[in-house]
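The numbers here are math on the coordinates, done by the rules we state, and not lab data. These numbers come from a predicted model, not from an experiment. Counting neighbours? That spans all protein chains shown, and the Cβs are built from the backbone with ideal geometry, glycine included.
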Amino acid sequence: MHREKIVLFTLLGLGAAALVAGQPSVSALVQEPGATQEGPPAPAQPPGSPPVRVARPPAYPVRAPADPAVVARGRQIFSANCSFCHGSDARGGEGGPNLVRSELVMNDNAGEMIATVVQNGRPDKGMPKFDLSTEQIASIAMFIHSMPVGGRAATTGTVDPLVGDAKAGEAYFNGAGKCATCHSASGDLAGIGAKYTDVRALQGAMLSGESRGESGVPTKTVTVTLRNGQTVEGKLYQIDDFIVSLMDANGNYHSYPREGAYPKIVIKDPLQPHLDMLRTLKDDDIHNLTAYLVTLK
Amino acid sequence: MKKTKVLLLVMAMISSVAPLAVQGQGLDPVLLTKPATDSWPTYSGDYSGRRFSSLTQINQTNVKNLGLAWVSTLTPGVSAPGPFSRPGPGNPPTIVGGEIDEPVPVRGAGRISGAVLQVNGILYVSVPDNAWAVDARNGTVLWHYFWKTKGGTHIGNRGLGMYKDWLYFETPDDYLVSLDAKTGKERWHKVISDFNEQYFSTMAPIVIGNHLIVGTGDDLDAPGFLQSFDPETGELQWKWYSEPEKMGDPGSETWPNLDSMRHGGAGTWVPGSYDPNLHLYYFGTANPTPAFSGVTREGDDLYTSCIVALNVDTGKLAWYYQPSPHDTHDWDAAQTPIIVDGEFKGKPRKLLLDASRNGYFFVLDRVTGEHLLTVPYADSLNWATGIDKSGRPVRNPEKDASPGGALVSPTSDGIVNWQPPTYDPQTGLFYVVTDEEYSVFYRTEPNLKAMQGLNGIQEQRLASAGKYIVAIDYKTGKIAWKHLQVSAREGGGNTGLTTTAGKLLFGGDANGNLVAYDPATGKPLWHTHLGGVSNAVETYMLDGRQYILAASGDSLYAFALNF
């Protein structure tokens, strides 16, 4: 597929922390009057009467048909701005998740939930913000909502990513995996199984060493030794073949040209062991480790 | 010096005669068969795909004196004129085309990520829906054409093609648009592929004789195809599909049934190379679909993820080679192949070199397609169990997307993506950028048969174990050197490469520098920080001066020696 990373022209904004767009939790959603997402309300039961079997709510939102012109417009805007990452059928594409089955989208009525994400982006997940109007986003929402949630070929249920053996994972953690060299189940990893409700997110954090590339990551530090023997230490800010720069403990920015052997540069990446283990780690060991971490509630 | 001044005076007089039209004669397609030094008339500079220039004015000795000649920022779309801007030199009115009244809004500014043509001192530049003519001497915009889009994926545009006085470019909503190079006015537009079937078109059209080679892509599951149009009239000459037409046809035995074959994908979105003597056009096809599940398409799935050789007059397949049989990771074989006449095992041969997205480098005989060499060119590859007797990597099915997740390198981006490689005949080395990144591929769709297009999975990107420029000795497959593109953070870098006879290798690094390296060692010799380099550099002579042209986002930067 056509694929390339869009080069992000990161500005040298020193204090620029990554924006993290707030995603409303599904439980906090306010249903609009008349919304049918959760199905019809259960009828009130008179006290003392036998339990009435309440009809289950529909598995997916029931929506009134939308104006075809609005859907068509939404499809066009979607195809130009969204389809590369989310797929031309909105069921997932290059890096972006399936929107048709997204909880947020399923709780959306007419773009009000989607607009928050589209207009702010999700920089933590690599989604840029889009300068689209509320009306344009509403038409995108109508297009997505027009897609059958069930899919063209009976797509059913979900896949359980928890496939490993916790016991084997524990043995690997304390043995061959050498995880216990740096980590402890009762120390830094205590409660990690409760912290992550999403198994894939937990596994990703385990592999990359907790949210590499996001804000709040354990950062690389650097020690720079100048020709005169002076040493400067701090958080690595930039490095290439020509420059090294850092932020020291007092928040001062230092940058040095790299010329020949000087300055001497020693970079410490606390996540280097995680990077190194990607070379050799077996999928079974990954799954077992994850199963073990899930038990650390 | 005096001569130059006189020339300029003459040119000024000519332009006063016809002030509204861009000067210069058109491009004779015959010129495309000779590696040009005073122009950049086609995607790779010439048909070989080498991206090697014989120019030496800028060389290892004086590259330290390379400085900015001009910069020009191109604004796509139709922008409302500001209070102080008025039509005139450098600010021409936008010529608007398209088939709908109101264009679909598209996010952000255009990023120049394809070839810029330079013919007779004029640059022709494109981003999705937009084309410009720019004075190569100072970056002044001469005309701007804007296509009102119906939509489609706006990921990039790989550039324009030129034939005589006419230009051609593809639009995301699947039109082939021809412009008059002098004025930017539209001559005609033709439909490339069906927008309603989710195709989108980005390739730089390639002019070969009286053929205009045009590709397209699709991220759902419609079949890929390559077409040849008449550059004069826009009439279709031939159409080659990436999949066989019906069961029983050669190649159909690699598909289980007609339905899977007809929805097999394999777009044709990266320009190829051409051998004028063999009359063959070489290019790579994209991945099969469904991209991440092979259960509905058991077999090799020809001609997806293939290098193919087509007769340019008939569109008939001469031979194919498949770097990724039965691909299940979205690894198109869509790199631009490089044509080299060189020695292999002591014998002179007509060769084709290709660094595939799956992380393996291939050497083929380009007359017959005979396989000569396969080597991995990245250390992170973990998806193949070996190499078969035809030199093809053998996919390990355990590395397909799975419920618990499969740790795989490369990611779906590939070790390299579309970024063009280069071959330097002076060093005998082939150069390519790499990214040794890892992903976990989860299958999220319980029903394997329900997977379609790119869906049914979740790809979790972990980290890159390193970005490099890799120099490969094609005769042995040995890595001559590997230069780490060191960077403080993930992302950035990986632009295409260009070499020159001045013993220079140009590329962008992971921290936003444009760099000239020593092609023998990878040692950096010159750099400037542009904040990002978004295509491979080009070079040409103009007025006795060698220029290096680079793009960064929406801007062009031209460099020349400060004498």
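Largest first, please: the extent of the C-alpha atoms of region B:226-348 along each principal axis, to the nearest Å.
Principal extents (largest minus smallest coordinate, Cα): 45, 41, 25 Å.
Hey, rough spin-label estimate for B:ASN62 and B:ARG107, points 7 angstrom out along Cα→Cβ, what's it come to in nanometres?
4.6
Region B:364-461: D in µm²/s via Stokes-Einstein (Kirkwood Rh, Cα pairs, 37 °C, 0.692 mPa s)?
After rounding, the answer is 208 µm²/s.
Contact order normalised by length for chain B, with contacts defined as Cα pairs under 8 Å and 6 or more residues apart; what percent is it?
Contact order relative to length: 14 percent.
Okay, helix-only estimate at 222 nm for chain B: each DSSP H run of n ≥ 4 adds -39500 (n - 2.57), divide by all residues, round to 500 deg cm²/dmol; what do you get?
After summing the helix terms and dividing by residue count, I get -1000 deg cm²/dmol.
When the convex hull of the C-alpha atoms of region B:231-290 is computed, what volume per residue in Å³ does it have?
With only Cα atoms used, region B:231-290 gives 129 Å³ per residue.
Determine the shielding of peptide A:233-243 by partner chains: average, over its residues, the number of Cβ atoms on other chains within 10 angstrom of each Cβ.
5
Going by average Cβ neighbours within 10 Å, how do the peptides B:284-290, B:422-428, B:242-248, A:93-99 rank, with the highest at the top?
Answer by packing, highest mean first, reads B:284-290, A:93-99, B:422-428, B:242-248.
Is any residue of region B:390-431 close enough, with backbone N under 16 Å, to a label point placed 7 angstrom from the Cα of B:LYS345 along the Cα-Cβ axis, and if so, which?
Counting only backbone N, you get B:390-392.
So if I average 1/r over every pair of distinct C-alpha atoms in region A:221-269 and take the inverse, what Kirkwood radius in Å does that give?
In region A:221-269 this quantity evaluates to 10.5 Å.
Around B:GLU298, with a cut-off of 14 angstrom between Cβ atoms, what is the net charge of the other residues, counting Lys and Arg +1 and Asp and Glu -1?
Local charge sum for B:GLU298: -3.
Two decimals is fine: what's Rg over Rh for region A:164-263, C-alpha atoms, Kirkwood radius as Rh?
1.14
Can you give me the distance in nm between label points at A:ALA176 and B:VAL394, each placed 7 Å from the Cα along the Cα-to-Cβ direction?
Calculated label separation equals 2.3 nm.
Provide the gained length on full extension for the span B:GLU298 to B:LYS478, in nm with one decimal, where the gain is 0.36 nm per separating residue minus the Cα-Cα distance.
Length gained, B:GLU298 through B:LYS478: 61.4 nm.
Less than 13 Å Cβ to Cβ from A:PHE130, Lys/Arg counted +1 and Asp/Glu -1: what total charge do the surrounding residues give?
Its environment carries a net charge of +2.
Relative to the first principal axis of the alpha-carbon coordinates of chain B, what is the inclination of helix B:2-17, with its axis defined by its Cα atoms, in degrees from 0 to 90 and to the nearest 10?
90
How shielded is A:191-202 by partner chains, expressed as the average number of their Cβ atoms within 10 Å of its Cβ atoms?
Counting other chains' Cβ atoms within 10 Å and averaging over A:191-202 gives 1.
Between B:VAL30 and A:THR225, with labels modelled 7 Å along Cα→Cβ, what's the label distance in nm to one decimal, could you check?
Each label point is offset 7 Å from its Cα along the Cβ direction, giving 6.7 nm.
What is the Cα radius of gyration of chain B over 2.2 N^0.38 Å, N being its residue count?
Here the Cα radius of gyration is 0.93 times the empirical estimate.
Whole angstrom only: what separates the Cα centroid of region B:403-469 from the Cα centroid of region B:152-225?
If we compute the Cα centre of each part, the gap is 27 Å.
Once the principal axes of the Cα atoms of region B:156-251 are found, what is the range along each, listed largest first in whole angstroms?
So the extents along the principal axes, rounded to whole Å, are 49, 26, 18.
Normalise the Cα radius of gyration of region A:63-152 by 2.2 N^0.38 Å (N = residues in it) and let me know the number.
0.97
Give the Rg (one decimal place) followed by the Dmax (whole number) of region B:408-563, computed from C-alpha coordinates and expressed in Å.
18.2, 67
With the Cα gyration tensor of the protein assembly as shown in hand, convert its eigenvalues to equivalent ellipsoid semi-axes via √(5λ) and list them largest first in whole Å.
43, 33, 29
Would you mind checking the pairs B:LYS389/B:LYS478; A:LYS264/B:LYS523; A:LYS282/B:LYS389; A:LYS268/B:LYS467; A:LYS178/A:LYS282; B:LYS34/B:LYS316 and listing those with alpha carbons more than 22 angstrom apart?
A:LYS282/B:LYS389; B:LYS34/B:LYS316
Compare the peptides B:341-348, B:96-103, B:314-321, B:210-217 by average per-residue count of other Cβ atoms within 10 angstrom and give them in order, highest first.
Going from most to least packed, we get B:210-217, B:314-321, B:96-103, B:341-348.
For peptide A:283-290, what's the mean number of Cβ atoms from other chains within 10 Å of each residue's Cβ?
Average per residue, whole number: 3.
Each residue of region B:537-553 in turn: what ³J(HN,Hα) in whole Hz from Karplus with 6.51, -1.76, 1.60 and θ = phi - 60°, glycine and Pro shown as x?
Taking θ as phi minus 60°, the curve returns 6, 10, 8, 6, 9, 8, 6, x, 10, 8, 9, 10, 10, 10, 10, 9, x Hz for region B:537-553.
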